[in-house]
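As structure tokens, the structure follows; a few thoughts come after it.
Just so it is clear, none of the values below were taken in a lab; they were calculated from the coordinates. Computed from a predicted structure; not experimentally measured. Note that we place each Cβ from the backbone using ideal geometry, even for glycine, and neighbour counts take in every protein chain shown.
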Amino acid sequence: MTPPVSLLDLTREQLADLLAGWGQPCFRADQVWDWLYRKLAAEPGEMTNLPKELRERLAAETRCSPLERIYEQRSGDGQTLKWLFRLPDGLTIETVLMLYDDVTGAGRERRTVCISTQAGCAMGCVFCATGQAGLARNLTAGEIVAQVLAAARWLANSESANGESANQRISYQLSAISHLTNIVVMGMGEPMANYDRTWAALRTITDPDAFGLGARHITVSTVGLPQGIRKMATEPLQINLAVSLHAPNDALRSKLLPVNQRYPIAEVMLAIREYIAATNRRVTFEYAMMAGINDTPELAVELAALLRPLRSPTGGMMCHVNLIPLNPVAESPYQPSTPQAAARFQQILEQGGIPSTVRMRRGIDIDAGCGQLRRRVGDGTERR
Ligand code: SF4
């Protein structure tokens, strides 16, 4: 039997070709596109302005979403949700939705989804549950986009869960785009190792006729593959770059991130300098703080010295460091730094002229570290 066509893997032109091949007028592709990416339809039955026969054929021969949600966890404070999705071939991936209240009163409420780009990961970072399981395969562009749509749909449905009519629900779905405020490509996998599909997904997510989220609200995080950083510098989309550094010298970084043996820090920094020169955009460095491993004052001094040359031609600092106490993996020797160690480390960076923030760990009670839910639930046969 022919497998169903994954609608989210089609470009708009490919969707138009498919429907034209079925004898449909050309405006049908616009309607289906609109249902998929703006009205967040989960199945053809919801596409009420399509003829019944077309809805039935779409249901029989295509798939609106490649994701089956098989597990959900919510943190004790209700602000972080983690989903385990099963893909059509049975592999599983994780997606995390983080809800940030507006504590300033300045309208800065954020709803951020953290998405995966690969099932597993080949980078082997020693503190990461995904890295320890290895790579299964790259996700398709549709599987990447589907995670964003699932989060937006969840937000839309949670807004409308209080008894509104179906019409109101649709209007919530239409406005769900503004409900999902940020995307971080920091879930399972290394996005630069699945570059073309990741960028195909990001083009759809930012397309004003599709999901339409602004590129500046999206951050792609990499362990620092220089060729990917250089390629990203040529992209017209102004998506933010984050680099997982985790150590300021090769000896320590190679122990934590095996990929450092292939791409040592000097090579990564060269690509970052070229990126800054080409884009004039600031780069974020992620630094997972591990007690007694990479959080000493000496390493903070070394990190400040490494990053200090990252300046614009006018002298402005072109980087920011996110200090994130590690989400520990069960039975791992790598444990989070104490708040005192993190504060001391940050103080030294600030004294060295390097802007930094100590980030909250999200979802510590729900295995929110990358790959932990998948590891615990396995292939999802333990359904909720
Ligand atoms: S931390 Fe990221 S890059 Fe490293 S192994 Fe885990 S998923 Fe891969």
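Can you give me the relative contact order of the range 10-63 as a percent, contacts being Cα pairs under 8 Å and 6 or more apart?
That works out to 23 percent.
Relative to the dominant Cα principal axis of the chain, helix 141-159 is inclined by about 80°.
Give me D for the range 17-138 in µm² s⁻¹, whole number, from Stokes-Einstein with Rh from the Kirkwood sum over alpha-carbon pairs, 20 °C and 1.002 mPa s. Before the final figure, lay out each step's value.
Values: Rh = 17.7 Å.
Using the Kirkwood radius from Cα pairs, D works out to 121 µm²/s.
Restricting the calculation to Cα atoms, the range 10-63 shows an Rg/Rh of 0.90 when the hydrodynamic-style radius is the Kirkwood one. Working from Cα pairs under 8 Å separated by at least six residues, relative contact order for the range 227-349 is 27 percent. The angle between the Cα long axis of helix 339-351 and the main principal axis of the chain comes to about 70°, on a 0 to 90 degree scale. When +1 charges are put on Lys and Arg Cβ atoms and -1 charges on Asp and Glu Cβ atoms, the dipole computed for the range 68-377 relative to its Cα centre reaches about 280 debye. The range 260-307 and the range 204-224 have Cα centres spaced 24 Å apart. Working note: 222 nm ellipticity from helices only, DSSP H runs with n ≥ 4, each -39,500 (n - 2.57), summed and divided by the residues of the chain, gives -11000 deg cm²/dmol to the nearest 500. Partner aspartates and glutamates whose Cα lies under 19 Å from the Cα of Lys52, excluding those fewer than 8 positions away in the same chain, are identified as Asp30, Asp34, Glu43, Glu61.
Within the range 250-318, report the GluC sites (Glu not before Pro) that DSSP leaves as loop and that have at most 15 other Cβ atoms within 10 Å.
none
With contacts taken as Cα pairs under 8 Å at a separation of at least 6 residues, the range 68-377 carries a relative contact order of 17 percent.
Each residue of the chain gets 155 Å³ once the volume of the Cα convex hull is shared out per residue.
Taking the convex hull of the alpha carbon positions in the range 30-95 and averaging its projected area over all directions gives 5.7 nm².
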